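The values are calculated or read from the model by the stated rules, or taken from the named source; none is laboratory data. It should be emphasised that the depicted structure is a prediction, and the values quoted were computed from it without experimental measurement. All Cβ positions, even for glycine, are placed from backbone atoms using ideal geometry, and neighbour counts span all protein chains on display. Heads up: the accessible areas ignore ligands, DNA and RNA and are worked out on the full protein's heavy atoms, side chains in. Shrake-Rupley method; radii C 1.70, N 1.55, O 1.52, S 1.80 Å.
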Amino acid sequence: LSSILKLTMKKSPLLTSSHGAVIFMLSTIVIISSAFQSLLAPTRRRQIVPLRRSNRIIPDITSCNTNNVAHRSLVHSNTCRNLPSMALSLSHDNNNNDSEESESYIYTTLDDEINTTTTTTTSRNLQQVLHTIEYAAYTAGKVALSTSGQIAIKSTKANIRDLVTESDVKCQQLIREIIEEEFPQDLFLGEEDVDLSGGDGGDSSCASSAALDAVLSGGGGSLSLDDDGDVASSSINDGKEDSLLFIVDPIDGTTNFQAGLPIYAMSIGVVALPSSSSSSSSPEVVAGVIYNPTLGEMTSAVRGRGCYLNNRRLQPPQQHQSQQQLPPRTSILNQSLINVGFPISKESTLQASSKAVAALATKVRGLRMVACASQAMAWVAQSKFNAYFSWDLNGWDVAAGIVIVEESGGLVSKMVVVVDEDGAGMTSSRAGVETRDMIITCPCERRGEEGLLRDELIEVLKENDCLEY
């Protein structure tokens, strides 16, 4: 302060030493009064909130009390459709005098608008079905989220790359209990029910196909799987209404899950098996849920009622007026982000995948391998990926994704070449839950581009001998 006063007096000769003394005294009084005011004022402590750390304790999931996941009352609200929150929200009402937790869930509410191009003929209540599988996926997701990256490998299936953990088994158990509580007379097929080391000569592909064919051919509930995963005959359906087959992968992407990577999902697909009185003649996937608990993404769909992400309906890009007015392109492969499957069941499929990567690497915008079929299909439906293709897929890998992609406006096609009648071009037919080799493409951005990316991919795969293995 003295230095400032001296400098001021040099710059302003009008100021005398007496003026400086007065200024100095006044400044000193202000400083002292401020100091006393601070001392006399009540002490205020700033509350420092520490960051929440992920010090998760590995639960003993083998001794989890399944009574804690009994079906609570299902709650859904139309007023929550415009909220950016998750489709399933869990609220805990903690009370010091009451240790019980109250849980309320907000489920996906289906739009009244019906898509006539993909509508289903089943007589079952698909809104109830969707609520049940969303709840089941969410419940299993809580178990998976608490053990991801912190649980040992329990066993392997077809080879050392096909892992099983205790969480896989526990998640499937929880999902099965919830579904069978609501739909006790319907069928259930889970990945952990099937011995993938069986089949012809230990071929896991044959084992999974045989298990799926057994329940699909049963129809009307005449076949089911017993506790050991074997096909057992039953007469649980009177044949008056369609039976439902719940196809479940409790944790798709187990290798990612076990390593602590956030790319895994609960996948539940629902297939309507036509009854003797039904107008439909073949099984059809009518509902599906893919839930990534780490990312908080619940992607769900009902045949003819649309595809939803966290309770918000996904609309095809071409519905925007700006896209409708643009002319269709002749090629979009070089503008596409593609996810490539890397199937681990056979050496031949690994070779086909390697050749496809080499062929496409310089022809596309980018290639990815997320190693989780259901998550890849969900991201295709959301148009994060333009396409996904893979070989030797299992029914539980794709059941939910089929209806999700198709209801979003995308295509799920067989990885085969069908030459047009005039021989002028190639195309591919629609894939089903039993199809093992698939190409999945996102909703096209412009009218007239339907199937364009799929056909471009098939052409490249055919030229490089990737369609057969």
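Collect residues whose amide H, placed 1.01 Å from N in the peptide plane, falls under 5 Å from the amide H of VAL416; neighbours closer than 5 in sequence don't count.
Placed amide hydrogens put SER429 under 5 Å from VAL416.
Could you tell me the accessible area of LYS142 in Å² (1.4 Å probe, neighbours in place), rounded to the nearest ten?
The accessible area of LYS142 comes to roughly 80 Å².
What residues have an amide H closer than 5 Å to that of SER275, excluding those fewer than 5 places away on the same chain, when H is modeled at 1.01 Å from N in the peptide plane?
ASP242, SER243
On a 1.4 Å probe surface of the protein chains, which of VAL169, VAL370 comes out largest in accessible area, and what is the full order? If you can, show how the numbers build up before the last one.
On the way: VAL169 55, VAL370 15 Å².
Correct descending sequence by accessible area is VAL169, VAL370.
Which net charge results for the neighbourhood of THR120, defined as the other residues with beta-carbon distances under 14 angstrom from its beta-carbon, given Lys and Arg at +1 and Asp and Glu at -1? Could you put the intermediate results ahead of the total?
On the way: positive: ARG124, ARG303, ARG305; negative: GLU241, ASP242, GLU284, GLU406, GLU407.
Residues close to THR120 contribute a combined charge of -2.
Determine ³J(HN,Hα), in whole Hz, for all residues of segment 248-258 in sequence, where each value follows from phi through the Karplus function 6.51 cos²θ - 1.76 cosθ + 1.60 and θ = phi - 60°; x replaces Gly and Pro.
10, 10, x, 9, 7, x, 4, 4, 4, 4, 5
Given a cut-off of 28 Å, name the pairs among LYS142/LYS384; LYS170/LYS384; LYS363/LYS384; LYS142/LYS346; LYS355/LYS384 whose C-alpha atoms lie farther apart than that in the structure shown. Spell out each step's value before the answer.
Values: LYS142/LYS384 25 Å; LYS170/LYS384 31 Å; LYS363/LYS384 18 Å; LYS142/LYS346 33 Å; LYS355/LYS384 24 Å.
LYS170/LYS384; LYS142/LYS346, as the Cα separations exceed 28 Å there.
What are the residues whose amide H is under 5 Å from the amide H of ARG368, where those residues sit 5 or more places off or on another chain and H is modelled from the backbone?
ILE338, ASN339, VAL340
Which ³J(HN,Hα) values in Hz, rounded to whole numbers, follow from the phi angles of segment 443-456 under the Karplus curve 6.51 cos²θ - 1.76 cosθ + 1.60, where θ = phi - 60° and Gly and Pro get x?
Once rounded to whole Hz, the list reads x, 6, 7, 10, 5, x, 9, 4, x, 5, 5, 4, 5, 5.
Counting Lys +1, Arg +1, Asp -1, Glu -1, what net charge surrounds ALA265 among other residues with beta carbon under 11 Å of its beta carbon? Show your work: numbers first, answer last.
Numbers: positive: none; negative: ASP249, ASP252, GLU297, ASP397.
Neighbour charge sum, excluding ALA265 itself: -4.
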